[in-house]
1. Select from the range 167-197 the residues that are among the aliphatic types (A, V, I, L, M) and surrounded by fewer than 16 Cβ atoms within 10 Å (Cβ to Cβ) and write down the one among them that is modelled with the highest pLDDT.
2. Working only within the range 320-365, note down all residues that are in a loop (DSSP other than H, G, I, E, B), among the β-branched types (Val, Ile, Thr) and touching a Ser or Thr at 6+ places or on another chain (Cβ under 6 Å).
3. Run Asp164 past the list (1) surrounded by 16 or more Cβ atoms within 10 Å (Cβ to Cβ); (2) modelled with pLDDT of 90 or more and report the number of the one that doesn't hold.
4. With (1) under 24 Å from Leu421 (Cβ atoms); (2) out of contact with any Gly (no Cβ under 7 Å at 6 or more places or on another chain); (3) in contact (Cβ under 8 Å) with a residue 40 or more places away in the chain as the list, and Arg671 as the residue in question, which single condition is left unmet?
5. Could you list, in sequence order, the residues of the range 108-138 that are open to solvent by 80 Å² or more (accessible area, probe 1.4 Å) and modelled with pLDDT under 50?
6. Identify, please: which residue in the range 632-661 is buried (at least 17 other Cβ atoms within 10 Å of the Cβ) and assigned to a loop (DSSP other than H, G, I, E, B) and is, among those, nearest to the chain's Cα centre (by Cα)?
7. What about Ala297, is it out of contact with any strand residue (DSSP E or B) (no Cβ under 6 Å at 6 or more places or on another chain), among the small types (Gly, Ala, Ser), at pLDDT 90 or above and closer than 23 Å to Asp422 by Cβ?
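The values are calculated or read from the model by the stated rules, or taken from the named source; none is laboratory data. If you're wondering where the values come from, they're calculated on a predicted model, not measured in any experiment. Cβ: placed from backbone, ideal geometry, glycine included. Neighbour counts: every protein chain shown. All accessible areas refer to the heavy atoms of the entire protein, side chains included, with ligands and DNA or RNA removed. Shrake-Rupley method; radii C 1.70, N 1.55, O 1.52, S 1.80 Å.
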Amino acid sequence: TTFQDGGEEVEDGAVYNVTLKKVQIQQAANKGARWLGGEGDQLPPEHTVRQYETSKIRAIKAGTLEKLVENLLTAFGDADFSYISIFLATYRAFASPRAVLELLLDRFGNLEASSHGEVVNLNSLESEMVLRVEIASVLRAWLDQCSEDFREPPDYMCLLKLLDYLKNNMPNSDMESRVQNLLKQFQNQEVEAVDGFCSTSSSDLVDGEELEISSPEEFSSFQDHVVAEQLTYMDVMLFRRVVPYHCLGSIWSQRDKKENKNLAPTVRATITQFNAVTKCVISTVLGTRELKIQQRAKIIEKWIHIAHECRILKNFSSLRAIISALQSNSIYRLKTTWMCVSKDILLMYEELSEIFSDHDNYLTSRELLMKEATSKFANLDSSEKENQKKSQKRLQLQKNKGVMQGTVPYLGTFLTDLIMLDTALQDYVEGGLINFEKRRREFEVIAQIKLLQSSCNSYCLIPDQKFIQWFRRQQHLTEEESYKLSREAEAAADTNILSPKSQKSMVKRISTLFLGTDVFTPPKEQPPKSSPVGGSSGESTDSASVSSCEFNHSETEDVCVTPVSSPEDPLKKGYDSDKGSISSDKGSGSSKGSDSSKGSIFDPGSGLDSGSIPTRDSGSVLSSVPKVLPVYNRQSGGSCIIRVSMDGLHASVYKSILITNQDRIPDVTQRALLKHNLEPDAVEDYELVQVISEDKELVFPRDANVFYGMNSHVNFDFILRKKA
């Protein structure tokens, strides 16, 4: 089989990509070979005759909503077999379920309309029966893949409209019975609140229970593999309920608006669980003042063992949460405690930390996740012989149970990719057509999420109510409390110690895109000189770590961050204490004064193959979309991503903005004001400043070209300041 580019076909309201597929359908002996009695498959090529068939594959590239819905009925005939799945997984970015359903049923499903010329142009529909079958096929796929689209309490208008259509056109069919059952199911289920998806919320405590700091003895009573299994059980329950379209960049990035406080509850729930695990680690390590150094070291060792058990279970979410907590500022700085952790366990910790190394845009974790996505068991490979023996022994016990394992990913990786795609690719192309090529790119990420959700059905875990109740009762320390307790625990140690040379630095910060619209990246505190833990200064849009932090339970979906602090002023904050934590919707980054890598979800070493990258609102043609997208801290192909923070109000909170070599100060200023939820008409009242160093700034003239005027040899960090 060979493929050949057939160019484009343009119709009224749609643009199609055409591919010619050439397939060999027959191979036979030529006349001379047949006379000699030879068979075609036993003869050399020069003695055979081949017959080929060429077919045309049409894939819609851009179109109006009406054309995209019409294509649901004709895609199979055009050999675009994945179109229906792609459309259903991504259409919420540009249309509502009601709009799509009305077009499908009223415009194309009205069988009486065929005599009035309403559907005569539909390519492969020759009769009402064929049309009915095509519509039924689309509806069946919709109910199979995205039944949550019809959950619209209390009226369920779309589901009732669909039921009415089926009664009139397909009475007594299986489809009609299925829709009736789905309607009853929705009506009988209590509408779940935002935190209703999370089984670890403090609101789940039964009457009479109170939050408490766990005693070391109680925590030690739980076996390591039991803790890992229970964390995996909770993660699996939440991840399986994630609605894929909630992860789309255009939807997830809007969650911080007041009217969207209940948006994407399934994603928020996974974030709440991630935070709960990190805070549990911190509270068990620091919560009891009376602990001796050796006892505290034993708790750290236990959590490293639990993280290793999570790795065996292929639970990358809790694994990352535990590692991030151990790398948080308040635990990372425990110099004397880390000195008491055994060497073998430190090597295990280092290997687990390397999984989430930000090198090459988290290439290690991405490759590992895809490698194990559908494998029956974890593929453990330890460089340390003793750890390898233990790993293989534990893995063999899992295999002996005869039950396959699924894979729970760190969802922040996918959220990052989808937000970057949404930032870099425009929603509409020339003529106001919906850019469906963008949706195909997004579906590549959504399909991975669905594959992993399917793999989670392989888990066979039983909840341990004793542990779950203990986990729910944990009282989380605030940012100030954890740092204060950390300093008390290390009162005899020097707080200004250089990082160890024996290991790579592994301090990671909170994933900005994982959880919010504002980014907060603090300067990291220097780790202890003799500490076995290291720190890495690199950070990209997918970096993540959790420190002990103040946590506002009304903002349970936000992620905690390391405080801006120094040994002399540990409680000095650089963020809005009312929100409790800060994160980002379009990118992540590092603060001034700290090292930052140039990681991206795409190959950071590649350049753009296009002269410029179109903005989301631009009307450039679809062919101008680059294959490699812009990244932070590097100008490439006429575009780049900068970070803009507001002067004074939130100096450590920034927004990532895509700029091109065509953007001038008023355009960038207006976009920055919009991102910070300020009045965009106030452009004249603000000036844009690039931070060169702690004591140097670059102030731009009013009509300057930002791309060419900026200093490309320093971080692309900007401040929007109100004019005097």
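1. If we take residues in the range 167-197 being among the aliphatic types (A, V, I, L, M) and surrounded by fewer than 16 Cβ atoms within 10 Å (Cβ to Cβ), then Met170 is modelled with the highest pLDDT.
2. Result: Ile355, single match.
3. (1)
4. It fails just one condition, (3).
5. Ser115, His116, Glu118, Val120, Asn121, Asn123
6. So the residue we want is Asn633.
7. Considered against the rule, which asks whether it is out of contact with any strand residue (DSSP E or B) (no Cβ under 6 Å at 6 or more places or on another chain), among the small types (Gly, Ala, Ser), at pLDDT 90 or above and closer than 23 Å to Asp422 by Cβ, Ala297 comes out as no.
A quick yes/no check of all residues on (1) part of a helix (DSSP H, G or I); (2) buried (at least 20 other Cβ atoms within 10 Å of the Cβ):
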site	(1), (2)
Met237	yes, no
Val242	no, yes
Ser250	yes, yes
Ala269	yes, yes
Val277	yes, yes
Glu290	no, no
Arg296	yes, yes
Trp303	yes, yes
